[in-house]
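So the structure is just underneath, and the comments pick up after that.
The values are calculated or read from the model by the stated rules, or taken from the named source; none is laboratory data. Everything numeric here is computed off the predicted structure, so don't read it as measured data. Please note: Cβ atoms are built from the backbone with ideal geometry, for glycine as well, and neighbour counts cover all protein chains shown. Please note that ligands, DNA and RNA were not included when accessible areas were found on the heavy atoms of the full protein model with its side chains. Shrake-Rupley method; radii C 1.70, N 1.55, O 1.52, S 1.80 Å.
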2 protein chains.
Amino acid sequence: MSDINEVIRKKPWIGWSIFLVSMVTVFVLGLFAASIMERRTEALVAYTPAKPIPDFEPRLKVWGENFPREYVTYLKTQETNFVTKYNGNDVKDALEEDPLMVVLWAGYLFSRDYNRPRGHLYAIEDIRKTLRTGAPKDAHDGPQPNTCWSCKSPDVVRLMQQMGPMEFYKGKWASKGHEVVNNIGCLDCHDPKTMNLTITRPALVEAFQRQGVDITKATHAEKRSLVCAQCHVEYYFKGEDKYLTFPWDKGITVEDIEKYYDSINFVDWTHALSRAPMLKAQHPEYETWKMGIHSRRGVSCADCHMPYISEGGIKFTDHHITTPLKTINRSCQVCHRESEEELKQNVYTQQDRVMELRMKAEESLAKAHIEAKLAWEKGALEAEMKPVLTLIRHAGWRWDFAVASHGASFHASTEMSRVLGTSIDKSGKARVILARILAKHGVSEEVTMPDLSTKAKAQKFIGLDMNALKAEKDIFLNEMVPKWDEQAKIREEKY
Amino acid sequence: MSDINEVIRKKPWIGWSIFLVSMVTVFVLGLFAASIMERRTEALVAYTPAKPIPDFEPRLKVWGENFPREYVTYLKTQETNFVTKYNGNDVKDALEEDPLMVVLWAGYLFSRDYNRPRGHLYAIEDIRKTLRTGAPKDAHDGPQPNTCWSCKSPDVVRLMQQMGPMEFYKGKWASKGHEVVNNIGCLDCHDPKTMNLTITRPALVEAFQRQGVDITKATHAEKRSLVCAQCHVEYYFKGEDKYLTFPWDKGITVEDIEKYYDSINFVDWTHALSRAPMLKAQHPEYETWKMGIHSRRGVSCADCHMPYISEGGIKFTDHHITTPLKTINRSCQVCHRESEEELKQNVYTQQDRVMELRMKAEESLAKAHIEAKLAWEKGALEAEMKPVLTLIRHAGWRWDFAVASHGASFHASTEMSRVLGTSIDKSGKARVILARILAKHGVSEEVTMPDLSTKAKAQKFIGLDMNALKAEKDIFLNEMVPKWDEQAKIREEKY
């Protein structure tokens, strides 16, 4: 040290340089420390709205002022779609892609119109435009009840709180068109004060309650699946009031739910060709996820479909809800070490296997419906047809359960294969009995199948006048819908 | 230090004590070092036989003198069995457990006798005792060719090298009973000089050769599955010479192999009831493993079925080949973090799902055979029956492929479900056509099924005289087999 002192004494600029460098270093360190503390603070207060959000605020952009990252990513659900290539064209129409479904749903509204799924931000547009909601002429007209709105909008949270679920469900779908106008959004899953995940739909709470479970006390981790289970489940409209009900009282396997529906003689519709008392599966994503290995391993819906993003010091949940195949690095590779390409191929391989059984199930079931139609025409008796119709009901239910759930062929490949295998077994058995019935009534040759190669041909075969349905729908869309939007605008401006 | 010197000078025993303690410590360290070096040496020379092993040595105990760990664990394959509980009893008889199989194999030797699998050390006992090898009266009698010995013994390695595979396969099974007496053992998979894994059976080499692949150049890691694939595969006996051949030339899926067999009009047997030209699947473990995720992830047969054991400084391969469910800690938990109980339940869940489709497939196929029998009896024509018989052939093949392979319902759950689903589809279609044919020939009621609730009833139904078959077999076992053993003993003493 004495040498250094000597040097500095002789050349004082060296001492000043050391002093200056030290000062600059300390200053920069101070800047870093401030930045770190700021980000910590930012993270801590991230979930407390800076600008308070009103209790039933349904509008995304109001929430978005407080939570720009979640808002911006949620807006990307406009890009979420499952359009496929078919004969070289982009196909969003599932009936065009697979016209046999028109026959399988003959007599039911799904045979008119069924599109491949797309993002939450199309909920209102799609429910208004689909032919399945018909073309109501006034508030008390149309094929559907208000229950159909249940999963479409955060406006439903307000209405259910204000009038109670029973009142909400009652009446025709057209009677609440002016009240339910915002697409699925923040309020559907979040508490506007704390941002905590919240179950806003009573049907889920009630279904668990009947099993003695209070899910309002579920953990945050559990709610990362349960908020999705509010809507992504099998359900039915119970009784005259069309009360939204989950058929889980005997369990959630395809057989459990089938037993439940059978025990209450529930019928979604009577098939137009076979006259079978059919069941329509909705979208049992929660149930089929529960049947798979990811659920067994404690992986929630959000873990894969809403993976975390790190931006600077902030880790937040990606609200662009879509297939995890779009976010393999953040969804799958958190646990799996394989390459993106390999993981994608693994998924496709399983899906292709299930898809093959799906098509076998559809072909067999379509034939059963068409052969049953001929049997009735040839004078088959109710008593003869009864076992056939039960087999068709159960075969149809099992096929629909496996197919209606988005992603089931991935979530629970083996279970869906089992379900489809039992569907094939049952429709095959129905066809064996039908062959005997047809023979008794004079038909011993193979029943000729109609040309079902396009949606148009299939719809014509089942007797749908699509032009008339579309014309009615256009009147509804051009006349009633603009009025709904006007009324809603006036109401929302009062907030 | 000067203080210590002063103390020692006054009390010399303290100095001697320190000296002694130092000596003892150094000695013990020396012992440790020697032990470590010895174990290193032991590990390095572990795979060089201390006592040379002759070129075609088939006897385990000779190899075992050099490799006591591998030997002792291999002896435990005597404990390997897949006996199940059925009606409260231990069942090793697969036909007793599932009598429908008797009907499915009517006209084929499997309908007489089919046991659940057990360890490699029963290979010779089991092939001698099974009714499937019949009761030869001399070296040129009996239903089976020498090809049946191919996978049963290291004696086959010697014979094939000495006479070539073509000569080996030729002739009746009874002609080589005195030559093939040692159970599957070391020589089947190991080079006696280097202990390297070695493919000793030509059929596997030839199957890959036809695809342009030279598996004699496979890596050690690949051979950890390929040595198993010498036997645990689908195969058939080609042509008059009964040349052991793997039907992989069009691929290894159930459809690929079906196409291969169809293209050469191969028929394992003509079904005794339906007269369908049937295919029998052997045990396509290698193929079904290839269809599953463990194969995709590079996990070899040995990784799970022969996991490593650490004993002291030596890590060696457990030669107690059995289900990995017995060694979950060393087999599964090397990669999977879940508890033993959880992993076991995961396997059972998948197996139960596949098992359900298996039973549906069997019931449907058994009915098809029985209905076809009645159709023939009622005067059905060849031309009418042709499409039915093709459907039955393919449905039977698919069922058999999924069921014959040990572990397929675990190795490739979804693929096996797909295969069984297509089996159900095809037998269902066969039954629909049969219902029409039967109606044309005067039978329009449901065909009554016989009582097939036990193996005995099912065997009686297909017309087997089991007492006669067993009596013949006893004569063979009591008279011919002891002579084989005597001759073999004399031959082996000359080594």
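Looking at the stretch B:460-467, is at least one residue more than 26 Å from B:G134 (Cα to Cα), out of contact with any Gly (no Cβ under 9 Å at 6 or more places or on another chain), touching a residue at least 24 places away in the same chain (Cβ under 8 Å) and open to solvent by less than 50 Å² (accessible area, probe 1.4 Å)? No, that holds for no residue.
Scan the stretch A:357-377 and give yes if some residue there is within 12 Å of chain B (Cβ to nearest Cβ), closer than 24 Å to A:E258 by Cβ, more than 23 Å from the chain's Cα centre (by Cα) and surrounded by fewer than 23 Cβ atoms within 10 Å (Cβ to Cβ), otherwise no. Scanning the stretch A:357-377, I find at least one residue that is within 12 Å of chain B (Cβ to nearest Cβ), closer than 24 Å to A:E258 by Cβ, more than 23 Å from the chain's Cα centre (by Cα) and surrounded by fewer than 23 Cβ atoms within 10 Å (Cβ to Cβ), so the answer is yes. Among the residues of the stretch A:111-130, those identified as open to solvent by less than 40 Å² (accessible area, probe 1.4 Å), assigned to a helix (DSSP H, G or I) and over 17 Å from A:T454 (Cβ atoms) are A:L121, A:A123, A:I124, A:I127, A:R128. Return only the number of the condition from (1) more than 11 Å from chain A (Cβ to nearest Cβ); (2) open to solvent by 60 Å² or more (accessible area, probe 1.4 Å) that B:I328 does not satisfy. Failed condition: (2).
Which one of these is farther than 16 Å from A:A435 by Cβ and modelled with pLDDT of 95 or more: B:G428, B:G421? It is B:G421. Just one of (1) surrounded by fewer than 17 Cβ atoms within 10 Å (Cβ to Cβ); (2) touching a Pro at 6+ places or on another chain (Cβ under 7 Å) fails for B:D93. It is (2). For A:D191, indicate whether it is surrounded by fewer than 19 Cβ atoms within 10 Å (Cβ to Cβ), closer than 30 Å to A:F67 by Cα and either modelled with pLDDT of 95 or more or in contact with a Pro (Cβ under 7 Å, 6 or more places away or on another chain) (or both). Yes.
Under the condition of being open to solvent by 20 Å² or more (accessible area, probe 1.4 Å) and closer than 23 Å to A:Q209 by Cβ, the residues counted in the stretch A:263-284 number 5. Return yes or no: is A:V62 touching a Ser or Thr at 6+ places or on another chain (Cβ under 8 Å) and part of a helix (DSSP H, G or I)? No: the conditions fail for A:V62. Whether any residue in the stretch B:410-419 is within 9 Å of another protein chain (Cβ to nearest Cβ) and open to solvent by 30 Å² or more (accessible area, probe 1.4 Å) is what I want to check. The answer is no, given that none of the residues of the stretch B:410-419 is within 9 Å of another protein chain (Cβ to nearest Cβ) and open to solvent by 30 Å² or more (accessible area, probe 1.4 Å). What are the residues in the stretch A:430-451 that are within 7 Å of chain B (Cβ to nearest Cβ), open to solvent by 10 Å² or more (accessible area, probe 1.4 Å) and either within 38 Å of the chain's Cα centre (by Cα) or among the small types (G, A, S) (or both), if any? Once the filter is applied, which keeps residues that are within 7 Å of chain B (Cβ to nearest Cβ), open to solvent by 10 Å² or more (accessible area, probe 1.4 Å) and either within 38 Å of the chain's Cα centre (by Cα) or among the small types (G, A, S) (or both), the stretch A:430-451 yields A:R431, A:A439, A:S444.
Taking the stretch B:246-257 as the range and being surrounded by fewer than 19 Cβ atoms within 10 Å (Cβ to Cβ) and not in a loop (DSSP other than H, G, I, E, B) as the test, the residues that pass are B:E255, B:D256.
A:P52 meets the conditions (1) under 30 Å from A:A366 (Cβ atoms); (2) assigned to a loop (DSSP other than H, G, I, E, B); (3) open to solvent by 90 Å² or more (accessible area, probe 1.4 Å) in every case but one. The failed one is (1).
Scanning the stretch B:382-401 for residues that are touching a residue at least 24 places away in the same chain (Cβ under 8 Å) and either assigned to a loop (DSSP other than H, G, I, E, B) or of a type in the set (A, V, I, L, M) (or both) gives B:M385, B:V388, B:L389, B:L391, B:I392, B:A395. Kindly indicate whether B:M101 is part of a helix (DSSP H, G or I), open to solvent by 60 Å² or more (accessible area, probe 1.4 Å) and under 30 Å from B:K242 (Cα atoms). Answer is no for this residue. Scanning the stretch B:68-91 for residues being outside any helix (DSSP H, G or I) and either of a type in the set (G, A, S) or without any contact (Cβ under 8 Å) to a residue 60 or more places away in the chain (or both) gives a total of 10.
If I filter the stretch A:380-406 down to residues being surrounded by fewer than 23 Cβ atoms within 10 Å (Cβ to Cβ) and among the small types (G, A, S), which single residue comes out as farthest from the other protein chains (Cβ to nearest Cβ)? Out of the qualifying residues, it is A:A404. Look at (1) surrounded by 11 or more Cβ atoms within 10 Å (Cβ to Cβ); (2) at pLDDT below 85; (3) under 30 Å from A:D188 (Cα atoms) and you find that A:T41 fails only one, number (1). Residues in the stretch B:314-353 that are free of Cβ contacts under 8 Å to residues at least 24 places away in the same chain, within 24 Å of A:V419 (Cβ to Cβ) and β-branched (V, I, T): B:T349 only. Would you check if A:V299 is of a type in the set (A, V, I, L, M, F, W, C), over 30 Å from A:A221 (Cα atoms) and within 13 Å of chain B (Cβ to nearest Cβ)? No; evaluated as a whole, the condition is false for this residue. Filtered by the rule that a residue be crowded, with 21+ Cβ neighbours inside 10 Å and under 19 Å from the mean Cα position of the chain (by Cα), the stretch B:131-151 gives B:T133, B:N146, B:T147, B:C148, B:W149, B:S150, B:C151.
Residues that are touching a Phe, Trp or Tyr at 6+ places or on another chain (Cβ under 7 Å) and hydrophobic (A, V, I, L, M, F, W, C) within the stretch B:419-440 comprise B:V419, B:L420, listed in sequence order. Select from the stretch A:74-90 the residues that are open to solvent by 70 Å² or more (accessible area, probe 1.4 Å) and modelled with pLDDT under 75 and list them in ascending order. Of everything in the stretch A:74-90, those that are open to solvent by 70 Å² or more (accessible area, probe 1.4 Å) and modelled with pLDDT under 75 turn out to be A:K85, A:Y86, A:N87. Residues in the stretch B:361-381 that are of a type in the set (A, V, I, L, M), outside any helix (DSSP H, G or I) and in contact with a helix residue (DSSP H, G or I) (Cβ under 8 Å, 6 or more places away or on another chain): B:A380 only.
Against the numbered list (1) more than 8 Å from chain B (Cβ to nearest Cβ); (2) surrounded by fewer than 16 Cβ atoms within 10 Å (Cβ to Cβ), A:V347 comes up short only at (2). The set of residues in the stretch B:209-222 being open to solvent by 30 Å² or more (accessible area, probe 1.4 Å), closer than 22 Å to B:H305 by Cβ and part of a helix (DSSP H, G or I) consists of B:H220, B:A221, B:E222.
Given the criteria open to solvent by less than 60 Å² (accessible area, probe 1.4 Å) and not in a helix (DSSP H, G or I), does B:T322 qualify? Criteria met by B:T322.
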